[in-house]
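All remarks here apply to the structure that follows.
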Amino acid sequence: MRSLSETPLVRDGKSIILAHDHGLEHGPTAFSEVPERLDPETVFEMATHDAVTGFAVQKGLAETYYPSYEDDVNLLAKLNGTSSLWMGEPYSPQTCSVEYALELGADAVGYTVYPGTNREPEMFEEFRTVQEQARKQDVPVAMWSYPRGQALKEHRKPDVISYATRIALELGADIAKVKYPRSGDAMATAVDAAGDVNVVLSGGSKTSDYEFLSLVETAMNAGASGLAVGRNVWQRDNPERILDALEAVVFDGATADEALPE
Amino acid sequence: MRSLSETPLVRDGKSIILAHDHGLEHGPTAFSEVPERLDPETVFEMATHDAVTGFAVQKGLAETYYPSYEDDVNLLAKLNGTSSLWMGEPYSPQTCSVEYALELGADAVGYTVYPGTNREPEMFEEFRTVQEQARKQDVPVAMWSYPRGQALKEHRKPDVISYATRIALELGADIAKVKYPRSGDAMATAVDAAGDVNVVLSGGSKTSDYEFLSLVETAMNAGASGLAVGRNVWQRDNPERILDALEAVVFDGATADEALPE
Amino acid sequence: MRSLSETPLVRDGKSIILAHDHGLEHGPTAFSEVPERLDPETVFEMATHDAVTGFAVQKGLAETYYPSYEDDVNLLAKLNGTSSLWMGEPYSPQTCSVEYALELGADAVGYTVYPGTNREPEMFEEFRTVQEQARKQDVPVAMWSYPRGQALKEHRKPDVISYATRIALELGADIAKVKYPRSGDAMATAVDAAGDVNVVLSGGSKTSDYEFLSLVETAMNAGASGLAVGRNVWQRDNPERILDALEAVVFDGATADEALPE
Amino acid sequence: MRSLSETPLVRDGKSIILAHDHGLEHGPTAFSEVPERLDPETVFEMATHDAVTGFAVQKGLAETYYPSYEDDVNLLAKLNGTSSLWMGEPYSPQTCSVEYALELGADAVGYTVYPGTNREPEMFEEFRTVQEQARKQDVPVAMWSYPRGQALKEHRKPDVISYATRIALELGADIAKVKYPRSGDAMATAVDAAGDVNVVLSGGSKTSDYEFLSLVETAMNAGASGLAVGRNVWQRDNPERILDALEAVVFDGATADEALPE
Amino acid sequence: MRSLSETPLVRDGKSIILAHDHGLEHGPTAFSEVPERLDPETVFEMATHDAVTGFAVQKGLAETYYPSYEDDVNLLAKLNGTSSLWMGEPYSPQTCSVEYALELGADAVGYTVYPGTNREPEMFEEFRTVQEQARKQDVPVAMWSYPRGQALKEHRKPDVISYATRIALELGADIAKVKYPRSGDAMATAVDAAGDVNVVLSGGSKTSDYEFLSLVETAMNAGASGLAVGRNVWQRDNPERILDALEAVVFDGATADEALPE
């Protein structure tokens, strides 16, 4: 088993994953403020930014656009997903096999799990299969670990986020992508609960440059290994500016203040 | 992976797909006005028209009649379907394997997906398997992308149709077959949301020649790559006349007025 | 693919299938008037009658008795079935694999499908697998096409029976076994809807010789390719007499009057 | 296919199967009167009695104790089972594969089916797989055929037991194990309905020596091929005495009176 | 089949299994009193104690930390598990395949079964597959046999625990891990019901040193083959002290009094 740190997804132990699966998960309305970004090529271009160590997309985008970007972008193939048209019990069906992801040139694979939901058992079993196939092929596995379900009214409660990162460790993920648990201390506990698994902050919906970078700064100080960011990059008018700043905070240890150009 | 444009399903980047799966989906009552068309041979004859770049039928019709038409017709094997006798939650079971479709001589395969329904997850997973098998065999995949379900009262709402085409892109289809979203602008957005995937208009139930051709003209102007048409051809007394006209509008850029003979 | 007419199941394009799956579907009470027929050997004997082109039984009867009859009887292995003790939503589980049916010497296979029920999708998928395996082995497939379900109060409505035969065509059956749709005209439409698929009348529960033969005569005149008959043969005191008469009506074009000995 | 009569399970066409799956089906409370029999070795010893042609146990007992008894005992591996702690709809999951049963040295396999329950279809399908695997390996298959379910208030009604034996015939079992249908006449009908399948009486809960042997005598006179007995042997203080008597009734045609020592 | 006593999991017929799957089953709050133990390395260290014959963890911990401990620790790979965020009907999905467990160096595998719950049948079937794969690879199988479900208000009732150990025997486990049935006599019956299967006591939640050791002493006197312990070791400030004492009670037959240092 190759260690995660030997893969291109990580640089100096840290990662910035640009996520662009919103076309499936949220639908085209996510692009209503930036309609030109409906063209996936515009976001693939962002993924060539030096700050980005991995680009997370569904199979269809990878098939169509990745051949032109494989020299400049590390592909993190997202292997499951669902539309927001669907109102059922939270669940995310598999949309791409590990084998096919590798044919597409994936450097890593990603899988969403919703612990606490009625279908937690199915998702654990499906994650198992994907994880073991990925191990056989020696590609790292990122778990989008998002507890949900009726028993969980607060998805960002510190205990819930620690549980989320621990599940990633126990089930054999290399990277745990989790929501921010509302404080740096809680983030630190979540990082501890993950053992040697890299914890990356989930970027979430768009906020101001300063607010967003401060959040990332806090997470990094709490021991996070970076972040996975989507809307906070590609919904911005100037994605390069925020990627420059994220690079400074994540890889160079800058504060939000230092990272933001005047 | 062979590009879609290299396949016979597309001519100059455009397609007219003659669909004839109504025997299964609607039943013989769909033929009540044109009882002689219950004989599938009459519709296979229409598919030899030069305008038609692909003929979409279920396995049984292909088995029985395609051997006599394989030189003149490009087969798009429809791989799932259901009867209208069935009143369950929208779902379409697989009726033909990719492997068998290829033995029948299929040039492409088609699969219906109903995003937004309770069984969206199953359909996404089944589409995945079919899509990856088709990739292995280098045949293009058309997705009948038809959002439905209780949360969707308006199946032709612009946002819904854009989501439908985007799902086709994200899940790895080559062609997205969608309903008309009520305006050319909405169609243009749906085309944008599809990225490099070809969007074809679903012909729907029979209307007048002019009304139908105008719709196609609008869709083509909005960037559609053609249409999939069934009842508007084979329910007509003179299918050749409408196929001639469709050829003019889709391949030669004619207006509905120009395309219709006096 | 071998054409159905080249198989022993058909003679001059027509078939008389003797069905004897009632032990499973109806139980031993179906034999209460003819208790000696509980011994399957008595019915195997009837199947050696020249009129019979195929004998439809479940795997267990075929295993036990067919070895003594394989020279004189063409075996149509029925591959699914259920008991009438079971009161669930109509469904028929698979009781024999295609592979094993062939080891037993089957000349053809038969599968029941209940379009319109909650489990139509499963049955369509299971039929697909069976049909494709049968194609690979070059044995014909008969579909018992029996629409049912809550939306169908009248199972013999003309439109429903036409739909039943069409489903057999669309899904790739060679023979459609359907109930009588109450009139010769409706039967003719059902035959048209089936395209090149052979439609055979389902014999149903026991009636008088004349009534039964008249029904068969009407069906034949409407274009049916024969019948599948069980109780109307093996529940009779003199099965040979009715088989002689059926032979006359089905293969020699006799009327019911002509076929019945004084 | 080897005929059942060539297997060690049958002697002169008859069988006495000692069943000892009660540890799973009923739990240790079944042993409360004979606690020393919790040790499976004590019951394996009984199975060495000359009367016993087959010993039916779950995989775990076979693994642990059969290696010491394989010269003296014919193993009938019971392949499914459930606990009585479970209160769900009657169903019996598979607990041992055919392949593994053969590795354990099984001479035959046994499978419980509950016709009439909501899960009849699943059990028929699972029985199919097991039966076909057993055929491939040439080991006989015994069906525990126990109709149940909400529609069946009387599990021992004559019609129900005849249906039970017929299902065993239709689905391809070699032996049908059924409850006693309350009279010798009903038993005779059940034997008729089974065709060439051997019908064995299910011993049931413990009764007096005479009552039990009379029941067996009646069943044998009705054409049964023996019995499967558990509690009426191993719950007795003197199992050898009853096994001697059973041997006389089943194999030597003795009456209950003759068989019982003074 | 290798006998359990030849495997490293057992010493002189006895075992102390250190269990550390609480990160998944209970979540990080189980560590709130001993936050430094969130680091799995601290518990792997405990597993090197001479008293410990097997260390039970989920796949993720084994992958990350076992490579450094494989010389000093015998790995019992726990193959299923669930989070306590999930509130569904008791069930434990498979999280690791037998094949992968062996690649990780497992000396034994463990599987939880919940007899009496609605999903007992699924768990029995899944246990079957795991057990047979383990037999093929010659690694022992421990069953966490925990009856639950609505019909069981008292999970520790003597009859229930005896049933639990018997199920382990019947289904082919080598070790049965069960809760304490409230008395030494009941434990002795449970040991009897297990036949040749080793019964180990489940340690349960943390109690005082003396209380815990007395419980173990009683279980050992009742014939138990040791215990599986988690929180009563790693939630203690001084795990070594309790492991020393457990070693004395389990392997050297010391009483709780003798085993506890002043």
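The values are calculated or read from the model by the stated rules, or taken from the named source; none is laboratory data. Note that the coordinates shown come from a computational prediction; the quantities given were computed from them, not determined experimentally. So basically every Cβ, Gly included, is an ideal-geometry build from the backbone, and we count neighbours across all protein chains shown.
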Of the residues in segment C:108-125, how many are away from chain B (no Cβ under 11 Å) and out of contact with any helix residue (DSSP H, G or I) (no Cβ under 7 Å at 6 or more places or on another chain)? 3
Kindly evaluate residue E:24 against the criterion of being touching a Lys or Arg at 6+ places or on another chain (Cβ under 8 Å), at pLDDT 95 or above, buried (at least 23 other Cβ atoms within 10 Å of the Cβ) and hydrophobic (A, V, I, L, M, F, W, C). yes
Among the residues of segment A:144-155, which ones are crowded, with 21+ Cβ neighbours inside 10 Å and either more than 10 Å from chain E (Cβ to nearest Cβ) or more than 18 Å from the chain's Cα centre (by Cα) (or both)? A:144, A:145, A:146
The listed residue being of a type in the set (Val, Ile, Thr) and touching a Phe, Trp or Tyr at 6+ places or on another chain (Cβ under 9 Å), out of B:161, B:175: B:161
Where residues in segment B:17-59 are closer than 16 Å to residue B:74 by Cβ and among the aromatic types (Phe, Trp, Tyr), which of them is nearest to the other protein chains (Cβ to nearest Cβ)? B:44
Pairs only if they're at least six apart or on different chains, beta carbon under 6 angstrom, first in segment D:185-204 and within 13 Å of another protein chain (Cβ to nearest Cβ) and more than 30 Å from residue D:239 (Cβ to Cβ), second among the β-branched types (Val, Ile, Thr) and crowded, with 24+ Cβ neighbours inside 10 Å; list them, first residue then second. D:193/D:165
Any chance you could count how many residues in segment C:113-143 are buried (at least 24 other Cβ atoms within 10 Å of the Cβ), polar (S, T, N, Q) and touching a strand residue (DSSP E or B) at 6+ places or on another chain (Cβ under 9 Å)? 1
I'd like the residue in segment B:221-262 that is aliphatic (A, V, I, L, M) and free of Cβ contacts under 8 Å to residues at least 40 places away in the same chain and, out of all such residues, is nearest to residue B:38 (Cα to Cα). B:242
In segment C:249-261, what residues are surrounded by fewer than 20 Cβ atoms within 10 Å (Cβ to Cβ) and under 16 Å from residue C:54 (Cα atoms)? C:251
Would it be correct to say that residue A:7 is crowded, with 18+ Cβ neighbours inside 10 Å, of a type in the set (S, T, N, Q), at the interface with chain B (Cβ under 10 Å from one of its Cβ atoms) and in contact (Cβ under 8 Å) with a residue 12 or more places away in the chain? no
So for segment B:61-72 (the condition being aliphatic (A, V, I, L, M), buried (at least 23 other Cβ atoms within 10 Å of the Cβ) and either within 18 Å of the chain's Cα centre (by Cα) or more than 21 Å from residue B:122 (Cα to Cα) (or both)), does at least one residue qualify? yes
Modelled with pLDDT of 95 or more, within 24 Å of residue C:30 (Cβ to Cβ) and either among the polar types (S, T, N, Q) or in contact with a helix residue (DSSP H, G or I) (Cβ under 9 Å, 6 or more places away or on another chain) (or both): does that describe residue C:206? no
I'd like the residue in segment C:80-107 that is over 21 Å from residue D:133 (Cα atoms) and of a type in the set (D, E, K, R) and, out of all such residues, is nearest to the other protein chains (Cβ to nearest Cβ). C:89
Looking at residue A:146, is it modelled with pLDDT of 95 or more, farther than 16 Å from residue A:56 by Cα and of a type outside the set (D, E, K, R)? yes
Evaluate the following for residue C:145: is it farther than 14 Å from residue C:218 by Cβ and hydroxyl-bearing (Ser, Thr, Tyr)? yes
Kindly establish whether residue E:94 is of a type outside the set (A, V, I, L, M, F, W, C) and crowded, with 24+ Cβ neighbours inside 10 Å. no
Only one of C:105, C:23 is touching a helix residue (DSSP H, G or I) at 6+ places or on another chain (Cβ under 8 Å) and closer than 22 Å to residue D:161 by Cβ, namely C:23
Segment C:156-184 - residue that is more than 11 Å from chain B (Cβ to nearest Cβ) and of a type in the set (Val, Ile, Thr) and, of those, farthest from residue C:87 (Cα to Cα): C:175
Taking residue B:151 as the residue in question, decide whether it is farther than 15 Å from residue A:94 by Cβ, outside any loop (DSSP other than H, G, I, E, B) and among the small types (Gly, Ala, Ser). no
Residue D:182 - would you say it is at pLDDT below 95 and either under 24 Å from residue D:54 (Cα atoms) or touching a Pro at 6+ places or on another chain (Cβ under 9 Å) (or both)? yes
